[in-house]
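A short write-up of the structure that comes next.
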Amino acid sequence: SQLLEAVNTTVLAGQGISAEIASRRVIVGKPGLMEQEGIDMTGAAWKLRELYGRGATVIAVAADGTLMGLIALSDTVREDTPDTVAALKEQGITPVLLTGDNEAAAGSIARIAGISEVRSSMMPEDKMSFIKESGRKTAMIGDGVNDALALSGAYAGIAMGGIGSDIAVESADAVLVSDDIKRIPYLMRMTRKCMARIRQNIVFSLVINFIAIILSASGVLVPVTAALWHNFGSVFVVVNAVLLLRERDR
């Protein structure tokens, strides 16, 4: 069958989408959007409760102000997600699930993943507000349009490159091109080691420069020995940084 053209399309961020199709106004989105539009959901209330009880996310479809049907969606948790979450917890990182899904669906996903702190039914701006108001240095991992605000507002935004939307990738500070979430703990561990090594090198550089000043003032260092002393410090800093290459993903 031939697909009909949609015109006058309006995207309602975090809620759904509306358009005119064959001279009919069609709305597809969350049940809450239907209520805002004055569409009667009474007849589908029992089905909504059943689908929510299964942990599904429900999308309602309406045309010309009449409910036409419901679409039930269910996320599949990657097999390596629980291990990834456990590895992050071992590093002292507290994982939090921020999602636009309903409470039942969010709770089901969180239980499988091993995440105890959950925020459900969140709009894009709600996610950003949560991150801003948390008072913690937060790393946000996301892949969709609804994650763009939170990715840009987080201390560090990490986008899933292969499956993520373009706007999510543009808003992030780092991109996982392979979409392998098992690399997240390794990324966090390497980030901390890199920052620690940078601090070590800065402190060492200040120390050798301070010693060089004392030795120069006392007449011990002459131009030739001063050059050797400076090169010694440079070599140490480079070698200390290169040692990070021994770190491998577990």
Please work out which one of (1) out of contact with any helix residue (DSSP H, G or I) (no Cβ under 6 Å at 6 or more places or on another chain); (2) touching a residue at least 12 places away in the same chain (Cβ under 8 Å); (3) open to solvent by less than 50 Å² (accessible area, probe 1.4 Å) is the condition residue 237 fails and give its number. (1)
Under 9 Å by Cβ, and 6 or more places apart or on different chains, what pairs join a residue from the stretch 48-60 that is among the charged types (D, E, K, R) with one that is modelled with pLDDT under 80? 54/74
Failed item in (1) under 13 Å from the mean Cα position of the chain (by Cα); (2) closer than 19 Å to residue 84 by Cβ, with residue 148 passing the rest: (2)
Residues that are among the acidic types (Asp, Glu), within 22 Å of residue 49 (Cα to Cα) and open to solvent by 40 Å² or more (accessible area, probe 1.4 Å), drawn from the stretch 83-133: 103
State all residues of the stretch 1-27 that are among the acidic types (Asp, Glu) and part of a loop (DSSP other than H, G, I, E, B); if no residue qualifies, say none. 5
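The values are calculated or read from the model by the stated rules, or taken from the named source; none is laboratory data. A quick note: this is a predicted structure, and the numbers were derived from the prediction, not measured. Cβ coordinates were reconstructed from backbone atoms using ideal geometry, including for glycine residues, and neighbour counts include every protein chain displayed. Keep in mind that these areas ignore ligands, DNA and RNA; they rest on the heavy atoms of the full protein, side chains included. Shrake-Rupley method; radii C 1.70, N 1.55, O 1.52, S 1.80 Å.
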